[in-house]
Amino acid sequence: MAAMSLTFLGAAGTVTGSKYLVDLPGRRILVDAGMFQGEKEWRQMNWADFPVPPSSIDEIILTHAHADHCGYLPALVRDGFKGPIWCTYGTAKLASIVLMDAGHLQEKEAQYAQEGGYSKHDPALPLYTVADVEKTTPLFKVVPFDADFDLGKGIAIRMTRAGHILGSASVTLSTPEGSVLFSGDLGRIDHPVLRPRGTPPGSPYVLIESTYGDREHPDAKGLEHEAMADAVRRTIARGGSVLIPAFAIDRTEIVLKALTELREAGRIPVDVPIYVNSPMAVAALAVYREAEGRGELRDDIQPEDFFNLPNLREITDAEDSKRLNHPDHPSIIISSSGMATGGRVLHHLEAMLPDPRSCVIFTGYQGVGTRGRTLLNGVTEMKFRGRYVPVKSEIVSDGEFSVHADASDLIDWLRDLSPQPETVFVTHGEEGSSDAFAAKIRSELHLTVVVPRYKEKVSLTPHGTYAPLSPVPEPAAVAAPAPRPVPHPPSPGARLPVRNLPDTHADDIDEIAVILETAIGQVPFLPEAKQAEVSGLLHEVLGLVRAESPDLGTVREGVNLALYAAAGAVETPGGQSIVGLLAHVPKVLG
Ligand SMILES: [Zn+2]
């Protein structure tokens with residue numbers, strides 16, 4: 001039997017539901033736990049029993065916070081998964097927001113279906129509940145970028161920036177049996193807001209996404225975002241309002257940045273009110289603002305670039321949200337979800353589609369089977385909550401907002417890997433797109449390329465010899481670190497101001513506590529002689545951080561002492577991880 005195997009439990013034959021199961025002797029790891037979205041045949045898969053008992057999965061690694069990569073987590077937790085969920089700090093923060101929103105939506109949809117009498121279940125059931133989400137977020141454990149992070153028993157992961165959304169990473173999983181690289185979703189070379197993607201270490205086996213594997217983004221000719229600017233101008237001129245469906249995470253931030261620039265350049269009217277109507281987007285905006293302080297944004301970006309809109313109003317209240325459907329003046333409404341698969345944007349579509357003066361501007365990839373794709377295809381009637389409405393509004397697409405790499409970008413990412421892979425698995429694309437991209441890899445890079453089928457299982461025992469990611473230690477005599485809860489998961493429901501910079505002090509303290517907790521989890525991987533000293537110092541600082549009003553100077557000194565002690569064992573996996581983690585604290589403290 002193969003020592004290491006990989007099973008494709010999602011994002012095979014579709015762009016959603018990313019789930020890759022890695023089986024090792026005595027260890028079972030799941031990379032991503034995405035929800036299926038879009039076409040009904042896939043969505044129904046969310047309700048099927050998971051192919052292996054969730055309690056048999058030891059840990060989960062997340063590439064990023066989009067729901068098609070993390071949205072299935074609460075179902076796994078409800079059904080028995082109890083291990084740690086490893087991810088970057090940005091992903092932990094954003095995924096907590098995404099999941100809480102998903103939990104609310106599931107409950108709401110079940111309630112609407114029950115009231116409207118169109119559910120197939122009686123009573124209508126949510127896929128999972130907010131209570132399930134509350135059991136999930138404490139399992140997040142933060143891993144730094146660009147450092148080999150030891151998961152125990154010779155297994156290490158390395159997160160490399162993927163430049164797709166805040167916190168997004170490619171994941172290199174290195175084990176005594178070999179290594180495998182998961183691209184996650186890859187951004188374009190030049191993300192408008194984030195630091196660019198990096199190049200991960202090569203692995204014999206590489207999984208690469210192929211959302212845009214069959215096309216190239218057009219070079220922006222002339223003025224940026226002219227499709228959107230022009231649509232806004234003519235809609236406002238005829239007295240209509242503009243609806244921009246946008247993913248709450250990342251896309252709303254970029255749309256606001258573009259609107260700010262258009263307004264400053266006088267390319268759209270300056271007096272039009274702009275509403276962000278998505279509690280999730282409002283919470284995510286705060287995370288992006290905070291990310292600036294952690295060095296995750298491009299050097300030329302200031303937080304004001306997203307929010308310098310005098311007419312910007314954020315809507316968190318459901319009643320205000322409904323009132324927006326009949327605004328007094330023409331206005332611009334940004335609402336999620338981006339492919340109109342759920343969320344408040346559905347109310348707006350239902351109200352605005354029958355109005356020929358209004359305009360809907362889509363800002364990204366629209367999956368097969370989603371309302372977004374159907375509208376772009378020119379449908380004339382659309383069903384909402386069991387009833388049809390006519391589609392009379394103008395429908396526009398602004399393709400410049402994509403944060404997915406195109407075919408050439410993806411090839412560049414593969415070409416930069418050293419050593420080159422033995423086998424490339426092309427995933428996360430619609431069939432035509434994955435096949436076209438596989439053909440491109442064969443002809444340009446001359447590699448072995450496979451487009452795996454859903455539930456296909458392959459062996460990951462390499463033919464050749466590859467140096468492991470980091471010196472793989474002998475299986476540690478101690479048990480893997482117990483899951484340590486993130487002490488203060490962000491509260492997604494909180495009302496967050498959009499225009500005023502928040503007091504991020506409490507967030508900083510939370511982040512430092514998370515870093516220290518995670519570092520303590522790595523103590524068992526230090527040489528035994530060092531464990532008591534480093535553990536004592538880390539617990540001491542954690543005590544300081546948790547005090548009523550922590551003294552940051554003393555915290556800084558305490559962290560330095562712990563860093564110094566751990567640096568004495570930097571050649572070991574534990575020392576390396578702890579030094580990597582603690583190095584982030586001064587950045588947080590500023
Ligand atoms: Zn994504």
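The values are calculated or read from the model by the stated rules, or taken from the named source; none is laboratory data. Because the structure is predicted, anything quoted here is derived from the model rather than measured. All Cβ positions, glycine included, derive from the backbone under ideal geometry; neighbour counts span all protein chains shown. Please note that ligands, DNA and RNA were not included when accessible areas were found on the heavy atoms of the full protein model with its side chains. Shrake-Rupley method; radii C 1.70, N 1.55, O 1.52, S 1.80 Å.
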Within the stretch 399-421, considering residues that are in a loop (DSSP other than H, G, I, E, B) and within 16 Å of the ligand (Cβ to nearest atom), the one surrounded by the most Cβ atoms within 10 Å (Cβ to Cβ)
ALA405
Could you please let me know if ILE61 is over 19 Å from THR211 (Cβ atoms) and within 16 Å of the ligand (Cβ to nearest atom)?
yes
Here are some residues: VAL276, VAL282. Which one is surrounded by 18 or more Cβ atoms within 10 Å (Cβ to Cβ) and within 22 Å of SER393 (Cβ to Cβ)?
VAL276
Being among the acidic types (Asp, Glu) and either part of a loop (DSSP other than H, G, I, E, B) or under 21 Å from ARG233 (Cβ atoms) (or both) is the filter here; which residues of the stretch 348-392 pass it?
ASP355
Checklist (1) over 23 Å from the mean Cα position of the chain (by Cα); (2) open to solvent by 20 Å² or more (accessible area, probe 1.4 Å) applied to THR235, failing item:
(2)
Scan the stretch 194-232 for residues that are under 27 Å from LEU262 (Cα atoms), surrounded by fewer than 23 Cβ atoms within 10 Å (Cβ to Cβ) and touching a strand residue (DSSP E or B) at 6+ places or on another chain (Cβ under 8 Å) and jot them down.
ARG195, PRO196, ALA227, ALA231
Which of (1) crowded, with 23+ Cβ neighbours inside 10 Å; (2) in a helix (DSSP H, G or I) is the odd one out, the single condition ASP320 does not satisfy?
(1)
Within the stretch 18-47, how many residues are open to solvent by 40 Å² or more (accessible area, probe 1.4 Å), part of a loop (DSSP other than H, G, I, E, B) and modelled with pLDDT under 90?
2
Answer yes or no: is there a residue in the stretch 444-455 that is modelled with pLDDT of 90 or more, part of a helix (DSSP H, G or I) and either touching a Phe, Trp or Tyr at 6+ places or on another chain (Cβ under 7 Å) or surrounded by fewer than 15 Cβ atoms within 10 Å (Cβ to Cβ) (or both).
yes
Has the stretch 85-102 got any residue that is open to solvent by 10 Å² or more (accessible area, probe 1.4 Å) and over 28 Å from ARG289 (Cβ atoms)?
no
May I ask you to say which residue of ALA113, ALA65, ALA95 is over 28 Å from PRO204 (Cβ atoms) and free of Cβ contacts under 8 Å to residues at least 24 places away in the same chain?
ALA113
Can you name the number of the only condition in (1) crowded, with 16+ Cβ neighbours inside 10 Å; (2) part of a helix (DSSP H, G or I) that PHE425 fails?
(2)
Cβ-Cβ under 7 Å pairs, at least 6 apart or on other chains, the stretch 269-293 side over 30 Å from LEU589 (Cβ atoms), far side among the basic types (Lys, Arg) and open to solvent by 10 Å² or more (accessible area, probe 1.4 Å):
VAL270/ARG263; PRO273/ARG313; TYR275/ARG313; ASN277/ARG344; SER278/ARG344
Among the helices (runs of 4 or more DSSP H) confined wholly to the stretch 499-590, which include 1 or more residues that are at pLDDT 80 or above, within 26 Å of the chain's Cα centre (by Cα) and not β-branched (Val, Ile, Thr)?
505-521, 573-582
All but one of (1) within 25 Å of ALA265 (Cβ to Cβ); (2) surrounded by fewer than 23 Cβ atoms within 10 Å (Cβ to Cβ); (3) not hydrophobic (A, V, I, L, M, F, W, C) hold for SER335; which doesn't?
(2)
Residue selected from the stretch 151-193 under the condition within 13 Å of the ligand (Cβ to nearest atom) and on the phi > 0 side of the Ramachandran plot, by the criterion surrounded by the fewest Cβ atoms within 10 Å (Cβ to Cβ):
GLY163
Criterion first (in contact with a Phe, Trp or Tyr (Cβ under 7 Å, 6 or more places away or on another chain) and more than 16 Å from the ligand (Cβ to nearest atom)) does ARG385 satisfy it?
yes
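Residue-wise test of (1) hydroxyl-bearing (Ser, Thr, Tyr); (2) within 24 Å of GLY154 (Cβ to Cβ).
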residue: ALA519; (1), (2): no, yes
residue: PRO527; (1), (2): no, yes
residue: ARG546; (1), (2): no, no
residue: TYR564; (1), (2): yes, no
residue: VAL570; (1), (2): no, yes
Of VAL52, VAL15, the only residue that is open to solvent by 10 Å² or more (accessible area, probe 1.4 Å), of a type in the set (A, V, I, L, M, F, W, C), within 16 Å of the ligand (Cβ to nearest atom) and not in a helix (DSSP H, G or I) is VAL15
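Each row is one residue, and each column tells you yes or no for (1) within 30 Å of PHE36 (Cβ to Cβ); (2) in contact with a Lys or Arg (Cβ under 8 Å, 6 or more places away or on another chain).
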position: PRO279; (1), (2): yes, no
position: ARG294; (1), (2): no, yes
position: LEU297; (1), (2): no, yes
position: GLU304; (1), (2): no, no
position: THR316; (1), (2): yes, yes
position: ASP328; (1), (2): no, no
position: SER337; (1), (2): yes, no
position: ILE361; (1), (2): yes, no
